[in-house]
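Trainee: Supplied in structure tokens, the structure appears directly below.
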Amino acid sequence: MPLRRALIVLLLGTGPASADGGAPSPTGPALDSGQPQQMIDEPTSKQLPPARLVDKAEQFVMPSGNIGCTYIPEGGTDTYQPPDGGPELSCDRVEPIYLRAVLGRSGKAAILRDVGDPGCCSAGTVIPYGQTWSAGPFTCYSERTGLTCEREDGHSFLLSRARVRAE
């Protein structure tokens, strides 16, 4: 009879009752390892969304295709080192006149009107209007009226067809 009971216990997946008369805890120690058992419905690492990498350069563009940005993390990349060591956010506006806004690690944003390496807006993730992008100390707001980007300390720039502002 004990062999038959052991087979039933194995087949049904039930074990001996706990000391208080109830069923064993599903997170109690495993019989063989002494370690807590994992709950069946707990998310596993395969179910979690992928972590966003912010230690690499990242590009994004506005839906209009008129403004595109490049984020460079602290320490720079293999091909570009910001003058202050980074992080750095630079955004190019194509029309009506090509220009670039740059926000570095500290200080006010700068507007560069004589850009020696124009190449805006053909690559990168599109940030839909009404959405926010952020990495490092920077946050950008994509709106139909333009793009506003700011650093955690409040310094910012705004780019649109009608306005350009740097603070």
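Trainee: May I ask you to list the residues in segment 124-146 that are in a strand (DSSP E or B) and farther than 17 Å from Gly104 by Cα? Can you show your working first?
Mentor: Step one: list which residues in segment 124-146 are in a strand (DSSP E or B), which gives 125-126, 132-135, 138-143, 146.
Those that are in a strand (DSSP E or B) and farther than 17 Å from Gly104 by Cα: Thr125, Val126, Thr132, Tyr141, Ser142, Glu143, Gly146.
Trainee: So, one more: Taking segment 60-91 as the region of interest, how many residues are surrounded by fewer than 21 Cβ atoms within 10 Å (Cβ to Cβ), over 21 Å from Pro128 (Cβ atoms) and not hydroxyl-bearing (Ser, Thr, Tyr)?
Mentor: Selection size over segment 60-91: 11.
Trainee: Among the residues in segment 153-161, are any surrounded by 11 or more Cβ atoms within 10 Å (Cβ to Cβ), under 16 Å from the mean Cα position of the chain (by Cα) and either part of a loop (DSSP other than H, G, I, E, B) or of a type in the set (S, T, N, Q) (or both)?
Mentor: no
Trainee: Another question, if that's okay. Within segment 53-95, track down each residue that is in a strand (DSSP E or B) and polar (S, T, N, Q). Reasoning before the result, please.
Mentor: The first filter runs over segment 53-95 and keeps only residues in a strand (DSSP E or B), leaving 58-61, 67-72, 88-93.
Selection gives Gln59, Thr70, Ser90.
Trainee: Any idea which residue in segment 92-101 is nearest to the chain's Cα centre (by Cα), counting only those that are free of Cβ contacts under 8 Å to residues at least 40 places away in the same chain and surrounded by 14 or more Cβ atoms within 10 Å (Cβ to Cβ)?
Mentor: Only one residue tops the list, namely Asp92.
Trainee: Where the second residue is among the polar types (S, T, N, Q) and the first is farther than 15 Å from Ser142 by Cβ and lies in segment 61-81, which pairs have Cβ atoms under 6 Å and are six or more apart or on separate chains?
Mentor: Thr70/Gln59; Thr70/Ser90
Trainee: Let me ask something else about it. Please specify each residue of segment 96-107 satisfying the condition of being outside any strand (DSSP E or B) and touching a strand residue (DSSP E or B) at 6+ places or on another chain (Cβ under 6 Å).
Mentor: Gly104, the sole residue that qualifies.
Trainee: While we're looking at this one, here's another question. Please specify each residue of segment 135-167 satisfying the condition of being out of contact with any Ser or Thr (no Cβ under 9 Å at 6 or more places or on another chain) and under 27 Å from Lys56 (Cβ atoms).
Mentor: Ala135, Gly136, Pro137, Phe138, Gly154
Throughout, read-outs are computed from the coordinates displayed, never taken from laboratory work. What you see is a predicted model; the values in this text were computed from it and never measured. Counting neighbours? That spans all protein chains shown, and the Cβs are built from the backbone with ideal geometry, glycine included.
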